[in-house]
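Before any comments, here is the structure.
The values are calculated or read from the model by the stated rules, or taken from the named source; none is laboratory data. Source: prediction; values computed, not measured. Positions of Cβ are generated from backbone atoms using ideal geometry, with glycine treated the same way; all protein chains shown enter the neighbour counts.
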Amino acid sequence: MADDKVSRRDFITKSSIAASTTLAGAAAGSADVHAAEEHLQSDYSVRTKALVSVLTNKRLINPATMDAVVDYYENKVGPHIGARVVAKSWLDADYRQRLLADARAVAREDNLTGAQGTDLVAVENTPHVHNLVVCTLCSCYPWPLLGLPPAWYKDTAYRAQAVIDPRGVLSKFGLELGDDVEVRVWDSTAEIRYLVIPERPAGTEGMSETELASLVTRDSMIGAEKIELPA
Ligand code: FE
């Protein structure tokens, strides 16, 4: 067992060195970076399978329950749920008002609270206010409304820069905001998750809730982009 631990640690160390080397090489144009990433990824995969196997054998987890949870977050919840909430808020002023006043209560009414039961806060983008959501600590995110978070949301660079230089981050996303726009950054926690209600684009008058929902993107509900009508 001790030998296993040593060899595993050794393997991980070598993998990290290999990854660092190839990542450095990538900056110089090397194509080996993908091989290093896949190498590390496969190690995480092996570790995860081993952990699941041990916990299952100890009867601490039930694989069928795990499959159901993964299926739920991969196939049943996703940004389409948040998009419906946003579209409804664009069409129904009373719903929008209630959403902004107490999003958790509205989510409960719509059966959108999810298993975590965390507090939900909705914030609206206007021509003069732009909201951006981050989790500086880890990756807290409104899963019941948006599904699994994007990789960049969990990235340390995003988590650090979003609170220091949100305009710079938004600029990297291709969103340039005027000086007359106030940027508000919301730091999610295990207790509070945020949903951005993006601005309804001009030219959508007369659209149905379904048509409007199809325009709402995941990133717009994090505040990382504005919704544009397709050309
Ligand atoms: Fe977090």
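Only one of the numbered conditions (1) under 30 Å from Gly168 (Cα atoms); (2) surrounded by fewer than 19 Cβ atoms within 10 Å (Cβ to Cβ) is not met by Gln97, and that is (1). Take Glu228 and decide whether it is of a type outside the set (S, T, N, Q) and not assigned by TED's automatic domain parsing to the domain that holds Ile81. So Glu228 fits the description; yes. Is it the case that Ala224 is assigned to a loop (DSSP other than H, G, I, E, B), modelled with pLDDT of 95 or more and within 24 Å of Leu120 (Cα to Cα)? Considered against the rule, which asks whether it is assigned to a loop (DSSP other than H, G, I, E, B), modelled with pLDDT of 95 or more and within 24 Å of Leu120 (Cα to Cα), Ala224 comes out as yes.
If the requirement is being farther than 18 Å from Tyr194 by Cβ and away from the ligand (no atom under 16 Å from the Cβ), which of these qualifies: Pro79, Pro63?
Step by step, each of Pro79, Pro63 is checked, and only Pro63 is farther than 18 Å from Tyr194 by Cβ and away from the ligand (no atom under 16 Å from the Cβ).
Residue count for segment 188-201 under the criterion of being part of a loop (DSSP other than H, G, I, E, B) and modelled with pLDDT under 95: the result is 3.
Search segment 124-155 for residues being at pLDDT 95 or above and polar (S, T, N, Q), and hand back the single one that is farthest from the ligand (Cβ to nearest atom). Restricting to residues being at pLDDT 95 or above and polar (S, T, N, Q), the top hit is Thr126.
Restricting attention to segment 175-212, the residues being among the β-branched types (Val, Ile, Thr), away from the ligand (no atom under 16 Å from the Cβ) and out of contact with any Pro (no Cβ under 8 Å at 6 or more places or on another chain) number 4.
More than 16 Å from the ligand (Cβ to nearest atom), free of Cβ contacts under 8 Å to residues at least 40 places away in the same chain and closer than 25 Å to Lys226 by Cβ: is that true of Leu100 in this structure? Here the answer is no, as Leu100 does not meet what is asked.
Anything in segment 202-221 that is among the polar types (S, T, N, Q) and assigned to a loop (DSSP other than H, G, I, E, B)? List them, or say none.
Thr204, Ser208, Ser214, Thr217
For Leu145, the stated conditions hold: it is of a type in the set (A, V, I, L, M) and under 17 Å from the mean Cα position of the chain (by Cα). Within segment 86-113, being under 20 Å from Ile222 (Cβ atoms) and in a helix (DSSP H, G or I) holds for Val86, Ala87, Lys88, Ser89, Trp90, Arg96, Leu99, Leu100, Ala103, Arg104, Val106, Ala107.
List pairs: first residue in segment 196-213 and assigned by TED's automatic domain parsing to the domain that holds Leu145, second residue outside any helix (DSSP H, G or I) and of a type in the set (Phe, Trp, Tyr) anywhere in the structure, Cβ distance under 8 angstrom, at least six positions apart or on different chains. Nothing qualifies.
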